[in-house]
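Engineer: I'd like to ask you about the structure that follows.
None of the figures in this text is laboratory data; all of them are computed from the coordinates on show. The structure presented is a predicted model; accordingly, all values stated were derived computationally and were not measured. All Cβ positions, even for glycine, are placed from backbone atoms using ideal geometry, and neighbour counts span all protein chains on display.
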Amino acid sequence: MHKKNLRSAKMRSTTEKGNFNTSSSTTALLSSSMTKAVRALPLDELRKRKSSKWRKYPSDVLPLPVAEMDFPIAPAVKASLQDMLDRSDTGHLGAFPELFEAFAKFSQRQWNWQPDTTQIRIATDVGVGTVEVMRTLIKAEDKVMLNSPVYENIWKWISEEVKATLVDVPLAENELNYKLDLDAIEREYANGIKLHILCNPHNPVGIIYTRSELEKIATLAKMYGVIILSDEIHGPLAYNKKEFYPFLSVSDDAKEVGIIITSASKSFNLAGLKCALIITESAMLKEKINSMPSELTSRASLFGAVASTAAYSESDEWLDGVLITLNKNRNLIKKLIDSKIPTIKYRIPDFGYLAWLDVSSLGLGSDPAGQILERSKLALNAGILYGPKHSNFVRLNFGTSEEIINQAFDRLVKIL
Ligand SMILES: Cc1ncc(COP(=O)(O)O)c(C=O)c1O
């Protein structure tokens, strides 16, 4: 019954044969040219959603801030959850080795790297996992590095939750091409950094670190005794799977100094289900991670573990279908900017559904996102959330339909 549901759900999910438009600098690779694009739900359906993205603003606002997608979830994920509901299987989460197996095989298929399944632990979500790992490995007030502009909660996890000393080594930038500033990073490592949170790939700037950058970070970290915590939540959304390297896969040094924290929540839209993975390779780090309380697992959700297992084991085709739509959308944004507001600066991102837009030319003052929301009822995230020098940026979520993206630009054009 379960398998039958799953097959018919799979057939329903695929709507349109997709072709990657490779007009951007990176070439998207798909497992099969027959993969079908996954399409976003219509706006009236989306407005019935109860997630914060759809509840935060009044109904006349078009919300494109929070990083969640407007697609129907993968059919296998839906069937796995339905099966749980049908059997009223709604209890506590305990041992769940099938999730580790599913992730290891997914990782092998996607990135040609298999983590050791005995070195994976579950956490509630990437945020809780990161905070708990920091609490286990460092003392309050120890120095923790991030690289701005970066996902806003990383700032809060370090300063507000762990109360560590935050050291920002901004990314080096040239025309919106960002990279790690390795010289500045080494200087700060030498000044006593204990832990460095890498955002790999890097939200919001849309870049994926190169293998050589990661290898250098691993070498430096080993030299100066720094632990690297690599947040890889956006990894499965790389347009070119060959460009993304899980940190632990790049070298022996990386295995020794690194911890990956990841989740199916971003790439399969399961944020409400609460389940993330902490992955280590070194015996020393494994011992420390294993000393964390067993409640870490039971504070994640059974539904999250079940859904993530289905996502990692049975949803590659859905993910490729989502990437077909996202690829069209990232290029559509370029076209809309070029034709309607060419002074906005935009670099087509290498992964995911987040557009990082430099809107300094629009004369919207010190809070462009606030002005845009007030005057056009379009909600975007303010650049200042990601770094103190980025108030001239906004972040737009294009994990949605062409119609909604067009509407967003119509609203933007009207106020200019
Ligand atoms: C880089 C990064 N890490 C973590 C998160 C949040 O993950 P979680 O909901 O699992 O805490 C996000 C959400 O956008 C993110 O972009």
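Engineer: Take the Cα coordinates of region 44-136, assign each an equal point scatterer, and use the Debye formula without solvent to give log10 I(q)/I(0) at q = 0.16, 0.17, 0.24 Å⁻¹.
Structural biologist: -1.07, -1.14, -1.22
Engineer: Further, regarding this structure: Checking a compactness column here: for region 79-314, what do you get for Rg(Cα) / (2.2 N^0.38 Å), N being the number of residues?
Structural biologist: Ratio of Rg to 2.2 N^0.38 Å for region 79-314: 0.98.
Engineer: Here is a further query. Can you give the net charge of the other residues whose Cβ lies under 15 Å from the Cβ of W54, counting K and R as +1 and D and E as -1?
Structural biologist: It works out to a net charge of +3.
Engineer: Hey, another quick one. Counting pairwise Cα distances across region 211-342, what percent come out greater than 20 angstrom?
Structural biologist: Values: 5002 of 8646 pairs.
So the portion of pairs separated by more than 20 Å is 58 percent.
Engineer: Right, something else. How high is the relative contact order of region 79-314, in percent, with contacts defined as C-alpha pairs under 8 Å that are six or more residues apart?
Structural biologist: 27 percent.
Engineer: Follow-up question, since we're still on this one. Would you mind counting up the charge near D70? Only other residues with Cβ under 11 Å from its Cβ, with Lys and Arg at +1 and Asp and Glu at -1.
Structural biologist: +1
Engineer: Considering only the other residues whose Cβ falls under 13 Å of the Cβ of C275, what net charge follows from Lys and Arg at +1 and Asp and Glu at -1?
Structural biologist: +2
Engineer: Next up: Just rank E161, E403, fewest to most, by other beta-carbon atoms within 10 angstrom.
Structural biologist: Values: E161 16, E403 11.
Result, fewest neighbours first: E403, E161.
Engineer: Listing D253, D125, D181 from the residue with the fewest other Cβ atoms within 10 Å to the one with the most, what is the order?
Structural biologist: Least to most surrounded, the residues fall as D181, D253, D125.
Engineer: So how do I341, I217, I120, I197 line up by other beta-carbon neighbours within 10 Å, fewest first?
Structural biologist: Going from sparsest to densest Cβ surroundings: I341, I120, I197, I217.
Engineer: Pairwise over distinct Cα atoms, reciprocal of the mean inverse distance: report the Kirkwood radius of the chain in Å, one decimal place.
Structural biologist: 21.9
Engineer: Given P236, M34, S59, which one lies farthest toward the positive end of the charge dipole of the chain, if we put +1 on the Cβ of every Lys and Arg and -1 on the Cβ of every Asp and Glu?
Structural biologist: Result: S59.
Engineer: Shifting gears a bit: For the chain, what does -39500 (n - 2.57) per DSSP helix run (n ≥ 4), summed and divided by total residues, give at 222 nm, in deg cm²/dmol to the nearest 500?
Structural biologist: -12000 deg cm²/dmol
Engineer: Now for a different question. Could you check what % of the DSSP bridge pairs in the chain are antiparallel, to the nearest 5?
Structural biologist: Among the beta bridges of the chain, antiparallel pairing accounts for roughly 55 percent.
Engineer: With charges only on Cβ, +1 for K and R and -1 for D and E, what is the dipole size of region 119-176 about its Cα centre, in debye, rounded to 20?
Structural biologist: For region 119-176, the charge dipole is close to 340 debye.
Engineer: Related question: Taking 7 Å along the Cα-to-C-beta vector as the label spot, tell me the K334-R47 distance in nanometres, rounded to one decimal.
Structural biologist: For K334 paired with R47, the spin-label model returns 3.4 nm.
Engineer: Related question: If you put +1 on each Lys and Arg Cβ and -1 on each Asp and Glu Cβ, how big is the dipole of the chain around its Cα centre, in Debye rounded to 20?
Structural biologist: I would put it at about 1160 debye.
Engineer: Any chance you could check the Cα centroid distance between region 246-308 and region 335-405 for me, in angstrom?
Structural biologist: If you average the Cα positions of each part, the centres end up 32 Å apart.
Engineer: Among A172, A276, A305, which one shows the highest mean-square fluctuation when the chain is modelled as a Gaussian network with alpha-carbon springs under 10 Å?
Structural biologist: Between A172, A276, A305, it is A172 that shows the largest mean-square fluctuation.
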